[in-house]
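Asker: Below are the structure tokens for one structure; questions will follow.
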Amino acid sequence: MTEREKIQLIQEISKEMMKHSVKDQKGAHASEQEKAVELLARALHDFSDLYLKQQNEDEVLKGILAKVKIACNTMERVKKPTIVIKRV
């Protein structure tokens, strides 16, 4: 498998991940983790698209970096325990 074929496979997989994340969930709200996974899939797709087109688009790279940072921040927020102190 050539390098280009591998990148195309990565792009196809990321498209499938995005399809799964945007499916209608019959009124159910997506969790923070699901949103983070969707952002990462979109960033991966954009990055592979950038690679395949052999472009050096600074704006595209900024967008990819923003998506990855938002996903990372979301995952950190989800991992932090929520402590509620109630007085009895």
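The values are calculated or read from the model by the stated rules, or taken from the named source; none is laboratory data. Everything numeric in this text was worked out from a predicted model, so none of it was measured. With ideal geometry, Cβ positions are generated from the backbone for all residues, glycine too; neighbour counts draw on all protein chains shown. Accessible surface areas use protein heavy atoms only, side chains included; no ligands, DNA or RNA. Shrake-Rupley method; radii C 1.70, N 1.55, O 1.52, S 1.80 Å.
Asker: Roll a 1.4 Å probe over the protein chains and send me the accessible area per residue for the chain in Å².
Answerer: 83
Asker: Right, another one. Computed from the mean reciprocal separation of all distinct C-alpha pairs, what Kirkwood hydrodynamic radius does the chain have, in Å?
Answerer: After inverting the pairwise mean of 1/r, the radius is 14.9 Å.
Asker: Another question, if that's okay. When the helix-only estimate is applied to the chain (DSSP H runs of n ≥ 4, each -39,500 (n - 2.57), divided by the residue count), what is the mean residue ellipticity at 222 nm, nearest 500 deg cm²/dmol?
Answerer: -25500 deg cm²/dmol
Asker: Right, here's the next one. Where the accessible area of the chain is counted over protein heavy atoms with a 1.4 Å probe, how much of it, in %, is carbon and sulfur?
Answerer: That fraction is 57 percent.
Asker: In the chain, which helices (entire DSSP H runs) extend 30 Å or more along their own long axis, judged by Cα positions, while averaging at least 0.0 on the Kyte-Doolittle scale?
Answerer: In the chain, the long hydrophobic H runs are 58-79.
Asker: Let me ask something else about it. Students often forget the sequence filter, so: which lysines lie under 18 Å Cα-Cα from residue 62 once same-chain residues fewer than 8 apart are removed?
Answerer: 53
Asker: Right, another one. Need one number: nm distance between label points at residue 22 and residue 78, each 7 Å from Cα along Cα→Cβ, rounded to one decimal.
Answerer: Rounded to a tenth, the inter-label distance reads 1.9 nm.
Asker: Something else: Looking at the chain, identify the longest residue range that excludes and avoids all trypsin sites (Lys or Arg not before Pro) in DSSP loops having at most 13 other Cβ atoms within 10 Å.
Answerer: Maximal segment without exposed cleavage sites: 27-85.
Asker: Still on this structure, I have one more. If I take R0 = 25 Å and measure r between the Cβ atoms of residue 69 and residue 33 in this structure, what FRET efficiency does the formula 1/(1 + (r/R0)^6) give, to the nearest 0.05?
Answerer: The computed FRET efficiency comes out at 0.95.
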